[in-house]
């Protein structure tokens with residue numbers, strides 16, 4: 001029996017059916033947290049613990065904790081930003097880019113996640129994606145004063161990227 005079949009009469013969902021149910025549950029805005037015994041205070045304590053691990057340089061532990069927070073409440077941008085930052089500091093740049101991409105979806109006006117993702121692309125040596133990211137940040141920041149410093153950093157990184165730099169670093 002493979003993943004997509006069920007035993008006759010078992011009443012069990014196939015993997016595909018289970019995935020569809022879970023996908024609908026999450027897309028409808030439900031979270032695992034709301035169907036657990038965790039209180040908001042419990043989740044805040046877990047977030048504080050994850051943030052503390054990050055602040056103390058325990059990036060892999062922070063990554064695990066932020067990953068748990070993302071599982072519990074996938075609708076919280078700060079969880080995805082924390083996961084992205086932890087992955088980035090652990091040099092898991094692909095994981096960081098994925099987390100930052102999800103975080104960016106929660107606030108399309110804030111270029112912060114894009115800036116971090118572009119830095120990750122640069123660290124991976126993907127100059128084209130990094131440059132696209134930095135250009136996106138400059139465009140997204142616009143003339144808004146709250147994003148002036150991030151716009152300046154993105155523009156500076158773009159200016160420092162030279163065509164002959166094979167390592168993709170500045």
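Any read-out appearing in this document is the output of simple, stated calculations on the displayed coordinates, not a laboratory observation. Source: prediction; values computed, not measured. Note that we place each Cβ from the backbone using ideal geometry, even for glycine, and neighbour counts take in every protein chain shown.
Observations on the model:
- Cα→Cβ-extended label distance, 7 Å offset, between residue 109 and residue 42, nm: 3.5
- In this calculation the C-beta distance from residue 156 to residue 68 is compared with R0 = 30 Å, giving a FRET efficiency of 0.25.
- Zone of residue 149's modelled label, taken as backbone nitrogen in the range 86-105 under 20 Å from a point 7 Å along Cα→Cβ: 86, 89
- Rg over Rh for the range 107-170 works out to 0.98, both radii taken from alpha-carbon positions and Rh defined as the Kirkwood radius.
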